[in-house]
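These notes concern the structure reproduced below.
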């Protein structure tokens, strides 16, 4: 199978071995983990194994694989044509030297990673993809997709996200959603029917509801699940089969509800509760959570695309025509408050709401280095944190481990400021 | 006057003194300069003097001052309401420490400069501005304008530039042009009439034609004017009175035509001819031209917003209604091939055309550090240069002088590759 996918086998084995070690150190060493996490441990152990086999099987059944890098790509449409929707590899420092032949050194780690994974032949998902959907959410991605299109020999389809959510922006985006639907129909030779669209809408909404349920359970003190584990569930949501994933998240939530009832948490009650806000954390980017939870605090939420922004709002399923369904899909996706919009005050409201609901003691703003939209918006997030009187820490980092010591020192100092028994 | 404008006098005197020294060293030391440059020397010497007085006078006559940072802002509309259109200060390393309280350290020098000039109280233009027009051409500017709007107490008006030049993008942009016109009418209490619009169109087109004429004269070998001087003329085009400026550029061109006829150049015939392509160079950013021309080559063109992109296409003046005029204005501005668009292949064609017309021996791609759109697009520009067999050099730098030695070494090595008597 790996040969067919044109994977660099030796380097790939090395990557899996590093991943496995990191997972043992960061995840399996955690105490009082819910039983329900065993499924996700298994999924991670098979991230470049069984899941790829499933996708290869799906391709044999003539299903198409759609690779994505952004929560703005409407999964409902992919499912409506029986496609497999996969978030592509972008969370590890891989193939950087190779990537820098195509893109500048001063590029954010996520973009460098997706380029690196591809040019180094290390992402089996991108190899299986029939279509790769890009979007214009930031300068880096927007321009890198032009090069990625060359590297993948013309597989990239770019959806335009407007800069403003005004009437013209909404119209433009709505047309982009329809253009994407048409592209999917052409690619698969299938027609999107109302029945298919409604079924897909239900499937994706159920996934969202499960993730919303998980998010709300983290409001308890003590939290019944670690931030690391919750982050992992969110990361897995981008590449697992959606129905199976939803069932497993709900099973996990059943268990967590029992924990909440009995007052059982992963750590003691009363330790500092941290809300993380900012750039997405693609798997296996667990760096910041590991530092914070390793310093005696608990991460209770992620105002992030790998997190709340992905599931915060559900789609209105009450539509009676394909046209109406498309409009509702377009409208639903525009509720995602990405920093690509100007202005983006809705995100500040989300942060305020989440901070209150999750009883956050501190907000850590996370920006991948060179991620200009989130780095810039940190200025306004700090003002929001000041307004609601929640301590605020700004972190900019990449995927390397070089600054771990320095970040740990800064996080520990921040937890002391919060001053709430943070000493693990 | 300076007190009224709330300028930091001591720091401003320091800035002017540094500017004056730099101008002497870089500009006045040049040999065989055209007589016509004397006007521009004078303008620079009065950049924060007489020109500000003129603008203050205009304000007394109830004219409004519109500050801009981008060639996408339609000057025709500003002139139609008797406004003064001014490119704001963004070309020097000023107030960086102050600016970094608002925007990240990893921000391009141009953005850091406009923030720095404002927060350090050093740009009299921004102080006189009644409206500051932003645009969504890059993540950095798009998000910095949100903060700049706070810093300037609500003076910023942002025009949305779409990410693609497709039908929806064109419609969106056309509506933005009309929205800007309406904003100007509200601000000034004046109505844009067909007569006014046609007059403004003519004024701006004449400015463009003068700059086109200057550009074409640089195709001669030897070039009748240095790249430094031509760059300066382009920089001055953003803040001088447009009619006076046009007359002075045409006078200069008359002189240059005589030079071309007599075979007189600023340097010897046959030295390497360099086309610079990339990020804009706001006054007083003369760094790269100074290095290249100080190394025995001559800069013959700037595929840049401060340069060719600003004047390459004229507006079609054949319109008979305001509505039609607006549509033609919207269409004309969309011919500017900014790296904010995806894809942006038209820019590659422009580079190819300019390279041939100006008989370039080498292309130097210039990106301000952290200017992601141009840094990324350099990859494709290199491919274009390879295709037309013109040597290519990629430079990324900021406004500081720290890397002058290193850049000079790289430029000299590049000129040796060109191998055309480059040894000054």
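Details
- Boolean, residue A:195 is farther than 30 Å from residue A:420 by Cα, without any contact (Cβ under 8 Å) to a residue 12 or more places away in the chain, out of contact with any strand residue (DSSP E or B) (no Cβ under 7 Å at 6 or more places or on another chain) and surrounded by fewer than 24 Cβ atoms within 10 Å (Cβ to Cβ): yes
- Where residue B:73 falls short, out of the listed (1) under 23 Å from residue B:176 (Cα atoms); (2) out of contact with any strand residue (DSSP E or B) (no Cβ under 9 Å at 6 or more places or on another chain); (3) part of a loop (DSSP other than H, G, I, E, B); (4) away from every other protein chain (no Cβ under 14 Å): (2)
- Checking residue B:375 against (1) under 25 Å from residue B:143 (Cα atoms); (2) in contact (Cβ under 8 Å) with a residue 24 or more places away in the chain; (3) touching a strand residue (DSSP E or B) at 6+ places or on another chain (Cβ under 8 Å); (4) outside any strand (DSSP E or B), the condition it does not meet: (2)
- Qualifying residue in segment A:354-361 (condition: without any contact (Cβ under 8 Å) to a residue 40 or more places away in the chain, more than 9 Å from chain B (Cβ to nearest Cβ) and closer than 15 Å to residue A:301 by Cα): yes
- For segment A:268-297, the tally of residues that are in a strand (DSSP E or B) and over 19 Å from the mean Cα position of the chain (by Cα) stands at 1.
- Qualifying residue in segment B:308-315 (condition: farther than 25 Å from residue B:237 by Cβ and in contact with a helix residue (DSSP H, G or I) (Cβ under 6 Å, 6 or more places away or on another chain)): no
- Top-ranked residue of segment B:141-161 - restricted to ones that are within 8 Å of another protein chain (Cβ to nearest Cβ) and free of Cβ contacts under 8 Å to residues at least 24 places away in the same chain, ranked as farthest from the chain's Cα centre (by Cα): B:146
- Residue selected from segment A:162-176 under the condition in a loop (DSSP other than H, G, I, E, B) and facing chain B (nearest Cβ under 10 Å), by the criterion surrounded by the fewest Cβ atoms within 10 Å (Cβ to Cβ): A:166
- Residue ID - farthest from the other protein chains (Cβ to nearest Cβ), chosen from residues in segment A:122-140 that are closer than 23 Å to residue A:374 by Cα and part of a loop (DSSP other than H, G, I, E, B): A:137
- Test: residue in segment A:5-23 that is in contact (Cβ under 8 Å) with a residue 12 or more places away in the chain, assigned to a loop (DSSP other than H, G, I, E, B) and under 22 Å from residue A:252 (Cα atoms): no
- Test: residue in segment B:211-225 that is touching a strand residue (DSSP E or B) at 6+ places or on another chain (Cβ under 7 Å) and in a helix (DSSP H, G or I): yes
- Residue B:346 being surrounded by fewer than 23 Cβ atoms within 10 Å (Cβ to Cβ), within 14 Å of chain A (Cβ to nearest Cβ) and without any contact (Cβ under 8 Å) to a residue 12 or more places away in the chain: yes
- The single condition among (1) surrounded by fewer than 23 Cβ atoms within 10 Å (Cβ to Cβ); (2) under 25 Å from residue B:308 (Cβ atoms); (3) in contact (Cβ under 8 Å) with a residue 60 or more places away in the chain that residue B:206 does not satisfy is (3).
- Being touching a helix residue (DSSP H, G or I) at 6+ places or on another chain (Cβ under 9 Å) and away from chain B (no Cβ under 13 Å) is not true of residue A:108.
- Flag if residue A:242 is within 14 Å of another protein chain (Cβ to nearest Cβ), closer than 30 Å to residue A:142 by Cβ and within 24 Å of the chain's Cα centre (by Cα): no
- Single match in A:402, A:396 (criterion: more than 14 Å from every other protein chain (Cβ to nearest Cβ), without any contact (Cβ under 8 Å) to a residue 60 or more places away in the chain and surrounded by fewer than 22 Cβ atoms within 10 Å (Cβ to Cβ)): A:402
- Filter result (over 18 Å from the mean Cα position of the chain (by Cα) and either closer than 24 Å to residue B:115 by Cα or crowded, with 24+ Cβ neighbours inside 10 Å (or both)) within segment B:82-95: B:83, B:94, B:95
- Within segment B:31-48, the set of residues being at pLDDT 95 or above and either surrounded by 15 or more Cβ atoms within 10 Å (Cβ to Cβ) or part of a helix (DSSP H, G or I) (or both) comprises B:33, B:34, B:36, B:37, B:38, B:39, B:40, B:41, B:42, B:43, B:44, B:45.
- Taking the criterion of being assigned to a helix (DSSP H, G or I) and under 22 Å from residue B:381 (Cα atoms), the residues of segment A:98-113 that qualify are A:98, A:99, A:111, A:112.
- Of all the residues in segment B:226-267, those that are part of a loop (DSSP other than H, G, I, E, B) and under 19 Å from residue B:304 (Cβ atoms) number 5.
- Residue B:312 vs. criteria more than 12 Å from chain A (Cβ to nearest Cβ) and over 21 Å from residue B:289 (Cβ atoms): no
The values are calculated or read from the model by the stated rules, or taken from the named source; none is laboratory data. Quick caveat, the model's predicted, so the values are computed rather than measured. Every residue, glycine among them, receives a Cβ derived from its backbone with ideal geometry; neighbour counts consider all protein chains shown.
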